[in-house]
1. State whether the residues of the stretch 324-331 include one that is at pLDDT 95 or above and more than 16 Å from the ligand (Cβ to nearest atom).
2. If you go through the stretch 62-115 one residue at a time, how many are under 22 Å from the mean Cα position of the chain (by Cα), assigned to a loop (DSSP other than H, G, I, E, B) and hydroxyl-bearing (S, T, Y)?
3. Being surrounded by 22 or more Cβ atoms within 10 Å (Cβ to Cβ) and of a type in the set (V, I, T) is the filter here, so list the residues in the stretch 287-312 that pass it.
4. Condition test on E354, is it acidic (D, E), modelled with pLDDT under 95 and either within 16 Å of the ligand (Cβ to nearest atom) or buried (at least 19 other Cβ atoms within 10 Å of the Cβ) (or both)?
5. Could you please find all residues in the stretch 79-94 being surrounded by 22 or more Cβ atoms within 10 Å (Cβ to Cβ) and within 23 Å of D183 (Cβ to Cβ)?
6. Residue by residue through the stretch 286-321, note down the ones that are part of a strand (DSSP E or B), within 13 Å of the ligand (Cβ to nearest atom) and under 14 Å from H232 (Cβ atoms).
7. Looking only at the stretch 313-321, decide whether some residue is of a type in the set (S, T, N, Q), surrounded by 15 or more Cβ atoms within 10 Å (Cβ to Cβ), within 30 Å of R77 (Cβ to Cβ) and at pLDDT below 90.
8. When the residues of the stretch 206-239 are filtered to those that are assigned to a helix (DSSP H, G or I) and over 22 Å from the mean Cα position of the chain (by Cα), which remaining residue is surrounded by the most Cβ atoms within 10 Å (Cβ to Cβ)?
Amino acid sequence: MPVAGADQDVSPWRVAATAGWFGARRALFYAAAPRAIRRSAARPGTPSLAPGRPRHRSFAMPELPEVRLYVNALDARITGQPIERVRLRSPSLLKTFDPPVSELVGKRVRAIGRIGKRIVLHVDDDLHAVIHLMIAGRFQWRDVGAPLPGKRAAGALDFPNGTLILTEASTKKRMSMWVVRGDEALRGLDPGGVEPLEVNFQGFRAALVRENRTLKRALTDPRILSGIGNAHSDEILLAAGLSPVRLTSRLSTGELRRLYEATRTSLREWTERLRAEAGGDFPKKVTAFHPAMAVHGKFGKPCPRCGAPIQRIVYASRETNYCPECQTGGRLLADRALSRLLRRDWPRTLEELEAIRTPDTA
Ligand SMILES: [Zn+2]
């Protein structure tokens, strides 16, 4: 197990070399592979409305409200604290090798930030540690020097007042950490989508109609909008009364305005709700699937607005839920034209969309 830090368990250069090999290999793959090869790794499935087994939801990827919850909890605990040690267990966690992760040791966390769904530790000397939890990555806050727990631990950052443990409860190791220096390198990790809670209506509309996309794709594409994923996009579309397969180019100004307001209201309400539920404790069981959601994960259940049974589109590894009465004029989304549309413009997997880093590499 590679370990970096002041305790000299293992020399820092070895950590850099180990992590660097994996990081470099991955970076080279993404830089060199043609788009078709990168896409094929995602293995798109076929759209279906067939009733299947309920999907496993305990590890829905944290989205903007959940990530903000972590940002607040981390800010309260580690802003101003020095990083005393970095422990890495998962060889796939670290995606960069220069600067080496050992450079973080002894430096102080100056602020906690966020780029979309990525959490950023801004550290002394213009260093930034950026963490994307993806689907199954999570944080735990433990006592000083706590041991790494079982197979799920990916690594830890040790502080004088506690230990931030990174876990990933999946055999697919997708959680990612980048250590970069300088603002420009940090911007390189920004997929470029607008912040839905900060952008004005004009900016929102411009981002949404720049490409002609299905609404589901547009909302969940981090190059278009920042921080929204599968769960909150379903809730937003119900609140806006818009079909997930509507094309952005066909939306009227009134519909765009409704979507803008629904997006902000829904994300704000969920942020407040999660904050109230967590209280001052470090967030536990963080997931973008919440039993109190109106439509996401509610296939077959009555819509809280109109009582009609919630429907779903299952495509590849994700499920989209909608209310036909509130969103599609009573129509079930199940025909051949829809299948073609989904193949062309639907988020295939979370990993694929999240792997998009900048417009240039998309
Ligand atoms: Zn309804």
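1. So the first thing to find is which residues in the stretch 324-331 are at pLDDT 95 or above, and the list is 326-327.
Now narrow it down to the ones that are more than 16 Å from the ligand (Cβ to nearest atom): none.
No, that holds for no residue.
2. Looking only at that region, the number is 3.
3. V295, I310
4. Details: acidic (D, E): yes; modelled with pLDDT under 95: yes; either within 16 Å of the ligand (Cβ to nearest atom) or buried (at least 19 other Cβ atoms within 10 Å of the Cβ) (or both): yes.
So E354 fits the description; yes.
5. If the condition is that a residue be surrounded by 22 or more Cβ atoms within 10 Å (Cβ to Cβ) and within 23 Å of D183 (Cβ to Cβ), then I83, V86, L94 are the ones that fit.
6. Of everything in the stretch 286-321, just one residue is part of a strand (DSSP E or B), within 13 Å of the ligand (Cβ to nearest atom) and under 14 Å from H232 (Cβ atoms), namely N321.
7. There is no residue in the stretch 313-321 that is of a type in the set (S, T, N, Q), surrounded by 15 or more Cβ atoms within 10 Å (Cβ to Cβ), within 30 Å of R77 (Cβ to Cβ) and at pLDDT below 90.
8. Step one: filter the stretch 206-239 for residues assigned to a helix (DSSP H, G or I), giving 206-209, 215-220, 230-239.
Remaining after also requiring over 22 Å from the mean Cα position of the chain (by Cα): 206, 209.
On the way: A206: 12, V209: 17.
Top of the filtered list is V209.
The values are calculated or read from the model by the stated rules, or taken from the named source; none is laboratory data. Remember, predicted model here, so these are calculated numbers, not experimental data. Note that we place each Cβ from the backbone using ideal geometry, even for glycine, and neighbour counts take in every protein chain shown.
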